[in-house]
Each structure stands twice: as structure tokens, then as C-alpha cells.
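Participant: Let me begin by handing over the structure; questions about it come next.
The values are calculated or read from the model by the stated rules, or taken from the named source; none is laboratory data. The structure displayed is predicted, hence computed values, not measured ones. Here the Cβ positions follow ideal geometry from the backbone for every residue, glycine too, while neighbour counts run over all protein chains shown.
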Amino acid sequence: MMMQRGRELRAAGKDVVSLAGGEPDFDTPRHIVEAGFRAIEAGDTHYPPAFGTPALLAAIVDKLKRENNVHHITPAQIMVTPGAKWAIFATLAALLEPGDDVMILDPSWVSYAPMILLHRANPVRVPLSGADHFRVTADLLEQYVTPRTKALMVNSPNNPTGRVLTRAEIDALVYVAQQHDLYVISDEIYEHIIYDDHVHYSLAAEPGMAERTIIINGFSKAYAMTGWRLGWLAGPEPIVKLARIYQTHSAQSAASFTMAAGVAALTGPQECVKEMVAVYDQRRRLVLDAFEEIPGIECPPIEGAFYVFPRFTQTRKNSLEITQALIDDALVVGTPGSAFGPAGEGYVRFSIAERTTDLEKMLDRMAKVVPTL
């Protein structure tokens, strides 16, 4: 809704700064694009293997071992999908029965709860407190476990909060999952976009967790490949087998030539990722430093992903009203925190995966408008 309003204003000639999306402003790195071109030119435009080409499955296995310490993994435990969102959807289809409960940390990505509902299951929101830096504890999680709880969804680095789960929080998640025999759906799409000395832990690498963890990942964020629609899941073979059946009779597969691009992304030079993350880091510092000087804004530290999630402290407006006022009065488009769940009320999410000049415009305009909200 907010992005559409921004497009309408831009079409009317307004100088709109739209920071509501979740897409890198970089083009896909050249060596990845060229791999896709070569595949098309070589005639790789027919039906591909439904669950991933042998080359891409092998590259994902190697990546999991090399980067995530997930060692006992085979190609049969992986499914390549048309986007990471579809990987989540297929995982839910494989796991859930009507009436099951799925715990999601609140605030969380806007699509988790609707996808759970589409499978006739129940999203159970675990409210995290911004005052406690959206920290996860075993005691909090256990308050929301029910006899019907089947799974827990985790996203680190997190959209929208920018949190990266600590070692202690990973231990808490492992304890609760094992104590209550839960599956964990671990959305790791932002794993490479991480700042300072923070560390990404893959839950499947934890002792006793490989048999109950489904990793969701893809190429959109780290490799600026949003339009290629290429993702994957990895997990216990019985669950992956069910997800493969679901994909066979629905989406079928990712596009053939995109898989060649995926191989190039995983096996080629990684400097492109480091360079993009370095730019995001510069923008993150720019925005966080500026927010400290604007009365009425408090912004938690951003440890990963490419969003800032400030809280507006000196207004009686809710997050939707704040977002609408920023569009109307500052021509700045964000996403209301309430879109990510009740725990996001009072916050607005802005992407920093946009041009630095746009971020500077946003900061200048917000410095003038926020005190008047």
C-alpha cells in the first residue's frame, strides 16, 4: 500500500524517496549474469531437473559444509526453488497439518503469518521487546509452546529489526526445539549481510539439530538477484522428500538458466558480496548517526540485513499514521512497523539498500518533519 502510494506521487512528478522495499540497489554481479547468458546461448532453456541441477545441488552442499559447518548433508536433502519465499511455502506444506501451531518471533517478515494461515495452521506470535533489543530467551519461547506446536520460524539476520541472534539465543532456541520436539524453519537469506563483529550461526550445525532444522536460503539478497527468482531449502530427507512432491505438482522447478547463474554465484569470486556489504555498512552508519540527532527517534543497533527500524517516541500516532504522515509531509516512503506484527507498533522500517543520495534526502526531510508529528 505504501509503495503504491509512493509510485502514484512519483508519477505525479513528486520527488519521492521510496525506502519501503527489500531489494539491493545493485545490479547482479557480472560473472553471474554472464553464466546465465552462456546457459541460454547453449540451449539450456528446456525443463531442468525439478529439484535442482546436479551442479547447483553440489554447490549448495559444498557451501553448507564450507560456510555453515553443516557437514552431513547430501543432494537428496536439498531442493532448489523459484525463490526463497517458495522454499518457505513448500516447507510449510511438507510439515503442517490443519490446526498445527507455528511460533513466529514478533516482529517478523510480513509473509510468514499469511503463509502459515494458507496452510490452515495457526501463527503464534512470540512478542519480542524493543526495550530489550528484541532478545529471545527460552523462558519467553516456552510461554507460547502449545500441545499443537509443530515448528518455530527464525530469521537471523532479521527483517525488520536488524538483529543477529547471539550464541546465547541460539542455545535457547536449540533447548526449546529439543525439549518440545519442534522443527525449526531457519530463514538465513541475509546471512552474508552482517556488520561489525557479529557472527551468523546456522541452527542446523548445532548438535542434535540437523534432523529438525530446515534451512531457507537463496540468492536475492547477498548476490543482488531478486529478479532471478532462485532459492533453496535444505533439511531432513523425509521433509525434503515431501516438499519435492509438493513442488512437482505446483511450481515444478526454478528456471533452467537461473541455476547456472546460481552455480556461478556460489562457486565464483565473493568479493562482490563483500563490496556490497561494505556499502550497506557505510549507509547504515550514516543513517544511525543522523537518527541520533533527530528528536523523537530512537533506533536500535543494526547488526545485519539492510534495514533500519526506528521507533518514534514523541507522537501519539500509530505506525501506520506515522508512515502516512512521512509520505504526505516529507515524501518519504517506509513500511509501518505494525505490518510486521503487534510488537512492531510505533516503529517504521526503512531500507538502506538504496542510493546514498536518497538516504541523505530522507534524513534531511525527516529532521524537519519528525518533530512535528
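Participant: Which members of the range 281-320 meet the condition of being in contact (Cβ under 8 Å) with a residue 40 or more places away in the chain and over 19 Å from His133 (Cβ atoms)?
Facilitator: Across the range 281-320, the qualifying residues are Asp281, Gln282, Arg283, Leu286, Ala290, Glu293, Ile294, Pro295, Gly296, Gln314, Thr315, Lys317.
Participant: Shifting gears a bit: Take the residues in the range 278-292 that are crowded, with 17+ Cβ neighbours inside 10 Å and among the charged types (D, E, K, R), then tell me which one is farthest from Gly162 (Cα to Cα).
Facilitator: That would be Arg283.
Participant: Among the residues of the range 211-224, how many are part of a loop (DSSP other than H, G, I, E, B) and over 14 Å from the mean Cα position of the chain (by Cα)?
Facilitator: Looking only at that region, the number is 0.
Participant: Another question, then. Just a yes or no: is a residue in the range 315-326 surrounded by fewer than 17 Cβ atoms within 10 Å (Cβ to Cβ), of a type in the set (Lys, Arg) and not in a loop (DSSP other than H, G, I, E, B)?
Facilitator: No, that holds for no residue.
Participant: Considering only the range 258-291, state which residues are over 20 Å from Ala305 (Cβ atoms), of a type in the set (Gly, Ala, Ser) and either touching a Leu at 6+ places or on another chain (Cβ under 8 Å) or part of a helix (DSSP H, G or I) (or both).
Facilitator: Listed by number, the residues that qualify are Ala260, Ala261, Gly262, Ala264.
Participant: Just to check your reading of the model, which residue among Ala305, Ala234 is at pLDDT 95 or above, small (Gly, Ala, Ser) and in contact with a Gly (Cβ under 6 Å, 6 or more places away or on another chain)?
Facilitator: Ala305
Participant: Just to be sure before I move on: is Ala254 part of a loop (DSSP other than H, G, I, E, B) and among the hydrophobic types (A, V, I, L, M, F, W, C) in the structure I sent?
Facilitator: Spelling it out, Ala254 is indeed part of a loop (DSSP other than H, G, I, E, B) and among the hydrophobic types (A, V, I, L, M, F, W, C).
Participant: While we're looking at this one, here's another question. Of all residues in the range 183-219 being more than 30 Å from Gln282 (Cβ to Cβ) and out of contact with any helix residue (DSSP H, G or I) (no Cβ under 7 Å at 6 or more places or on another chain), which is surrounded by the most Cβ atoms within 10 Å (Cβ to Cβ)?
Facilitator: Looking at the filtered set, the residue picked out is Glu211.
Participant: Exactly one of these conditions fails for Arg349: (1) of a type in the set (Lys, Arg); (2) crowded, with 24+ Cβ neighbours inside 10 Å; (3) under 19 Å from Gln282 (Cβ atoms). Give me its number.
Facilitator: (3) is the only condition that Arg349 fails.
Participant: Here's another thing I want to ask about it. Out of all the residues in the range 1-20, which are of a type in the set (Gly, Ala, Ser), assigned to a helix (DSSP H, G or I) and touching a residue at least 60 places away in the same chain (Cβ under 8 Å)?
Facilitator: Gly6
Participant: Restricting to the range 277-318, name every residue that is within 21 Å of the chain's Cα centre (by Cα) and among the polar types (S, T, N, Q).
Facilitator: Matches in the range 277-318: Gln282 only.
Participant: If you go through the range 327-343, how many residues are more than 18 Å from the chain's Cα centre (by Cα), within 24 Å of Ile104 (Cα to Cα) and crowded, with 23+ Cβ neighbours inside 10 Å?
Facilitator: So the answer is 0.
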